[in-house]
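Chemist: Structure in structure tokens, see below.
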Ligand SMILES: NC(=O)c1ccc[n+]([C@@H]2O[C@H](COP(=O)([O-])OP(=O)(O)OC[C@H]3O[C@@H](n4cnc5c(N)ncnc54)[C@H](O)[C@@H]3O)[C@@H](O)[C@H]2O)c1
Ligand SMILES: [Zn+2]
Ligand SMILES: [Zn+2]
């Protein structure tokens, strides 16, 4: 690669560092010495401070985006879903749906920019950044519509490569797949600047990492997608790292008292959403999880009720029936599916009120197809999928950071365990424990960064 005078020095050098490599589905990760190339024109190379786990890491470890059933529904050829004139990136969203190994795992994290590509504006060496699930160009038809966060120019990447279709990581000369658009279980990663957001110095890295994916997704699912109104009822299926984001939102709503004037600024949208639902303390938020350990925390963080489907089995009652019983027979206004158990999508859908019930599907799975009750759809219920909880990274993440610093978000309970990169396999074991929500992955030498308040 040719280097400009500005890029002279470390920005043009390959870095050898340690990373967690997965060589095949469900194989233990190997912490290996890998090579990380310099950032290309639009990219940042980042030295990681810490990373965190999200269930999608497990999904990818199982082979995602390869699928476990419903393969007959797949197209025979790779599909380019969005191909738009005038956009620099062609988007491979659906991709080729095959397991992507060997692969460096992890997509939540925070780190310090070590070097920048020559075309990057808005970031410099020494900035603290997080990678985000998708980008926000602010100009494509979807960004302009303000109805969705699915930017056509910088969409979620499932092909395990950088937006230009190549990899920046290799081991012993063999290219490695990335995970989503980065790979955070590595001492160094490369991310396109369009998929990164700057972190304010006062934000703790242990909190910042959570905004890369899981927490922001759960929080956004209610803030940006469901947009709960005052007095609404909601059910949250799956109270893990993502479901916790929903609970934190509920908690904030219940302590917020001021109803602001209506305008469209992101900050005010936030306050509106909180204020609109401030009475949720009195309304119902029903948590659903098979793990009994989630009950106490769910109620502590603003949920009014908890259902353990395993306990219902003896009564011959289904979860939607139990939810309807708790809501005067009608069902909830909003269901948020964040378990990733495919059959729960229909349960979440069935649990909503006819005519106006909305189900937001966040949970991802290796199943291609789900069944939905057609009659329930016809009677006016809505089903909406959501990536990153509808969060527009450039617009919304700074608002969340600001709230986190100035008003506090109860994020400490989200990370329940911590391991060094060398023990990354232990993180996967910890995630099986009922009391484990998220595991923080730390890197040797990261302590030298002055990112703490
Ligand atoms: N759409 C997106 O942008 C996006 C972003 C992040 C995560 N995800 C997906 O969201 C899902 C949740 O992620 P997470 O990190 O919170 O996972 P997690 O493993 O921390 O939590 C999942 C929770 O669901 C519960 N659960 C599983 N099966 C259940 C069942 N049959 N009935 C009731 N409860 C059940 C588990 O006990 C657990 O508490 C995953 O599928 C993940 O891939 C999607
Ligand atoms: Zn866009
Ligand atoms: Zn994730």
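The values are calculated or read from the model by the stated rules, or taken from the named source; none is laboratory data. Not measured: the values here are computed from a predicted model. Cβ placement follows ideal geometry from the backbone for every residue including glycine, while neighbour counts extend to all protein chains displayed.
Chemist: Report, by residue number, each residue of the stretch 216-248 that is within 15 Å of the chain's Cα centre (by Cα) and assigned to a loop (DSSP other than H, G, I, E, B).
Modeler: 238, 239, 240 - these are the residues of the stretch 216-248 that are within 15 Å of the chain's Cα centre (by Cα) and assigned to a loop (DSSP other than H, G, I, E, B).
Chemist: Here are some residues: 357, 340, 363. Which one is assigned by TED's automatic domain parsing to the domain that holds residue 289, in contact with a strand residue (DSSP E or B) (Cβ under 9 Å, 6 or more places away or on another chain) and within 16 Å of ligand 3 (Cβ to nearest atom)?
Modeler: Of 357, 340, 363, the one residue that is assigned by TED's automatic domain parsing to the domain that holds residue 289, in contact with a strand residue (DSSP E or B) (Cβ under 9 Å, 6 or more places away or on another chain) and within 16 Å of ligand 3 (Cβ to nearest atom) is 363.
Chemist: Among the residues of the stretch 100-134, what is the count of those that are touching a helix residue (DSSP H, G or I) at 6+ places or on another chain (Cβ under 9 Å), closer than 30 Å to residue 431 by Cβ, more than 10 Å from ligand 2 (Cβ to nearest atom) and in a loop (DSSP other than H, G, I, E, B)?
Modeler: 6
Chemist: State all residues of the stretch 167-184 that are out of contact with any strand residue (DSSP E or B) (no Cβ under 8 Å at 6 or more places or on another chain) and without any contact (Cβ under 8 Å) to a residue 24 or more places away in the chain; if no residue qualifies, say none.
Modeler: The answer is 172, 173.
Chemist: Is it the case that the stretch 342-351 has a residue that's in a loop (DSSP other than H, G, I, E, B), more than 15 Å from the chain's Cα centre (by Cα) and either closer than 30 Å to residue 199 by Cα or without any contact (Cβ under 8 Å) to a residue 24 or more places away in the chain (or both)? I'd like the intermediate steps shown before the answer.
Modeler: Step one: filter the stretch 342-351 for residues in a loop (DSSP other than H, G, I, E, B), giving 342, 351.
Among the residues that remain, those that are also more than 15 Å from the chain's Cα centre (by Cα) are: 342, 351.
From the residues that got through so far, the ones that are either closer than 30 Å to residue 199 by Cα or without any contact (Cβ under 8 Å) to a residue 24 or more places away in the chain (or both) too are none.
The answer is no; no qualifying residue exists.
Chemist: Is there a residue in the stretch 165-174 that is surrounded by 22 or more Cβ atoms within 10 Å (Cβ to Cβ), in the same structural domain as residue 18 (by TED's automatic domain parsing), away from ligand 2 (no atom under 16 Å from the Cβ) and at pLDDT 95 or above?
Modeler: yes
Chemist: What is the one condition in (1) in contact with a helix residue (DSSP H, G or I) (Cβ under 8 Å, 6 or more places away or on another chain); (2) over 17 Å from residue 112 (Cβ atoms); (3) within 16 Å of ligand 1 (Cβ to nearest atom) that residue 137 does not satisfy?
Modeler: Evaluating residue 137 over (1) in contact with a helix residue (DSSP H, G or I) (Cβ under 8 Å, 6 or more places away or on another chain); (2) over 17 Å from residue 112 (Cβ atoms); (3) within 16 Å of ligand 1 (Cβ to nearest atom) leaves (3) as the failure.
Chemist: Being buried (at least 18 other Cβ atoms within 10 Å of the Cβ) and closer than 25 Å to residue 126 by Cα, is that true of even one residue in the stretch 146-155?
Modeler: There is at least one residue in the stretch 146-155 that is buried (at least 18 other Cβ atoms within 10 Å of the Cβ) and closer than 25 Å to residue 126 by Cα.
Chemist: Continuing with the same structure: Look at residue 185 and say whether it is within 16 Å of ligand 1 (Cβ to nearest atom), over 14 Å from the mean Cα position of the chain (by Cα) and farther than 25 Å from residue 225 by Cβ.
Modeler: Criteria met by residue 185.
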